[in-house]
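Chemist: Attaching a single structure in structure tokens format; questions to follow.
The values are calculated or read from the model by the stated rules, or taken from the named source; none is laboratory data. Because the structure is predicted, anything quoted here is derived from the model rather than measured. Because the Cβ atoms are built from the backbone with ideal geometry, glycine has one as well, and the counts that use them run over all protein chains shown. Quick note on the areas: whole protein, heavy atoms, side chains included, nothing else; ligands and nucleic acids left out. Shrake-Rupley method; radii C 1.70, N 1.55, O 1.52, S 1.80 Å.
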Amino acid sequence: MDKLLQVEHLNTYFPIHDGRLHAVCDVSFHVNKGELLAIVGESGCGKSVTALSVIGLLPHRCKVESEGIFFEGSDIGGYSHSQMRRMRGKEISMIFQEPLTSLNPLFTIGFQLMETIRLHDDSGREKNREKALEILRKVEIARPEAILRSFPNELSGGMRQRVMIAIALVNHPKLIIADEPTTALDVTIQAQILALMKHLMAEYRTSIMFITHDLGVVAEVADRVLVMYAGQVVEEATVEELFREPMHPYTQGLMNSTIRIDQEEGMLPTIDGVVPTLAEMPDGCRFHPRCPHAKALCRSESPDVRSLGARRRVRCHMCGGVAALPAPG
Ligand code: SF4
């Protein structure tokens, strides 16, 4: 499969008076053309910072270093702000969790949609309006003419998210980065939006980097999955492999704490403890204070990422290395 995006050894950090606080630490991954890669993990695992590092939308005080962020072979990691601005909305678009933070409340949907078209592919007012109406129909918005005249606060959450998808797609980008795009929606609307994104992805041959904390959503939409913990990739697998045999203890913990159809009544197990803060990263394996399989080695030495086959990677001393982990419960 052709790679659309390839990120090599990404490090994102905040400089502080006596060093650096790493939000993303040595993260490498790729997104194939036409593929949906899910990045999953709890809040504070570095998923969103990874995405914002790729698209160049972090605040100035964050520093991004890498051995390359290759988009269609070009290293966009070294692009200037103006080069990145030209790419955003045209080659790479982003959809955020809460559309109200991305849509300007003072302008109509029509103005904001047509402004995105005008910035990257201006064909004159009438043609731009036609294009805006067409994309609103594609995202299954009824009465698109009326929606063009509406302000964001006049629409429901689901409608606003459809508008955001329309804005993200209108210039036919090759990659969409969707950061928890359905988390704020109720379950029925969430299912509709996910189905719509999958459908449009196939129609426009767009790749998607889908950030979520929800393994149920991952199972529904993903082709491949990257599991992140404390700023590092801890497991990478196809969605089938991951659900059939989660290898990393953190992935196993996430799986165990997700409701399944065959779930018996009672409390779901949880992963003890919380994700460490950037200032309090433990030595050795970052997951060791929460890991039920931790050994002395885990407390002193950070595990490297191991490749287990062509498409599988795991960061754990006990996976494919010195010892085998027991099967997930
Ligand atoms: Fe657990 Fe050790 Fe593996 Fe870390 S390296 S996930 S502590 S078994």
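Chemist: Of all DSSP beta bridges in the chain, what percent run antiparallel (nearest 5)?
Modeler: 60
Chemist: If you don't mind, another one. To the nearest µm²/s, what D does Stokes-Einstein give for the range 110-253 at 37 °C and 0.692 mPa s, using the Kirkwood radius over alpha carbon pairs as Rh?
Modeler: Translational D for this selection: 196 µm²/s.
Chemist: If you rank TYR204, TYR13 by how much accessible surface each has, with a 1.4 Å probe, what is the order from largest down?
Modeler: The ordering from most to least exposed comes out as TYR204, TYR13.
Chemist: Write down the accessible area per residue of the range 150-219 in Å², having rolled a 1.4 Å probe over the full set of protein chains.
Modeler: Heavy-atom SASA per residue in the range 150-219 reads 35 Å².
Chemist: For the range 76-83, take each phi angle, set θ = phi - 60°, evaluate the Karplus expression 6.51 cos²θ - 1.76 cosθ + 1.60, and give the result in whole Hz per residue in order, putting x for glycine and proline.
Modeler: 7, x, x, 5, 6, 4, 6, 5
Chemist: Turning to a different aspect of this structure: Farthest toward the dipole's positive end in the range 4-160, which of MET159, GLY124, LEU36, given Cβ charges of +1 (Lys, Arg) and -1 (Asp, Glu) about the Cα centre?
Modeler: The residue sitting most towards the positive pole is GLY124.
Chemist: Relative contact order for the range 22-173 using alpha-carbon pairs under 8 Å, separation at least 6, rounded to a whole percent?
Modeler: 24
Chemist: Can you pull the Rg over Rh of the chain, Cα-only, Kirkwood?
Modeler: Dividing the radius of gyration by the Kirkwood radius yields 0.99.
Chemist: Next question, about the same structure. Given axes a ≥ b ≥ c from the Cα gyration tensor, I'd like to know whether the range 181-288 is rounded (a/c under 1.5), prolate (a/b larger than b/c) or oblate.
Modeler: prolate
Chemist: Express the carbon and sulfur contribution to the solvent-accessible surface of the range 5-99 as a percent, rounded to the nearest whole number, probe 1.4 angstrom.
Modeler: 49
Chemist: Okay, moving on. What Kirkwood hydrodynamic radius, in Å, does the range 90-149 give when the mean of 1/r is taken over all pairs of distinct Cα atoms and then inverted?
Modeler: Final number for the Kirkwood radius of the range 90-149 is 12.3 Å.
Chemist: Lysine pairs in the chain with Cα distance under 13 Å, only those 8 or more apart or on different chains: how many are there?
Modeler: Lysine pairs meeting the criterion: 5.
Chemist: Got the relative contact order for the chain handy, in percent, Cα pairs under 8 Å and 6 or more residues apart?
Modeler: 20
Chemist: Which of rounded, prolate or oblate describes the range 166-231 when judged by the alpha-carbon gyration tensor and an a/c cut-off of 1.5?
Modeler: oblate
Chemist: Another one. Could you give log10 I(q)/I(0) at q = 0.17, 0.23, 0.29 Å⁻¹ for the range 1-54, computed by the Debye formula over C-alpha point scatterers of equal weight, without solvent?
Modeler: Taking Cα atoms of the range 1-54 as identical point scatterers yields -0.60, -0.94, -1.22.
Chemist: Percent of accessible area on the range 173-241 owned by carbon and sulfur, 1.4 Å probe?
Modeler: That fraction is 53 percent.
Chemist: Could you work out the pair-distance distribution P(r) of the range 59-117 from its alpha-carbon pairs, with 5 angstrom bin width and percents rounded to whole numbers?
Modeler: Here the calculated profile for the range 59-117 is 4, 13, 18, 22, 17, 13, 9, 3, 0.
Chemist: What Kirkwood hydrodynamic radius do you get for the range 1-112 when you take the inverse of the mean 1/r over all pairs of distinct Cα atoms, in Å?
Modeler: This gives a value of 15.5 Å.
Chemist: Over the range 89-197, what is the relative contact order in whole percent, taking alpha-carbon pairs under 8 Å and six or more residues apart?
Modeler: 45
Chemist: Which angle between 0 and 90 degrees, to the nearest 10, do you get for helix 187-204 versus the longest principal axis of the chain when only C-alpha atoms count?
Modeler: For 187-204 against the chain, the angle is about 80 degrees.
Chemist: Here's another thing I want to ask about it. Among the trypsin sites (Lys or Arg not before Pro) in the range 32-131, which ones are in a DSSP loop with at most 15 other Cβ atoms within 10 Å of the Cβ? Mind listing them?
Modeler: Answer by residue number: LYS33, ARG61.
Chemist: Leaving out ligands and nucleic acids, and using a 1.4 Å probe, what accessible area per residue does the range 1-133 come to in Å²?
Modeler: Per-residue value: 50 Å².
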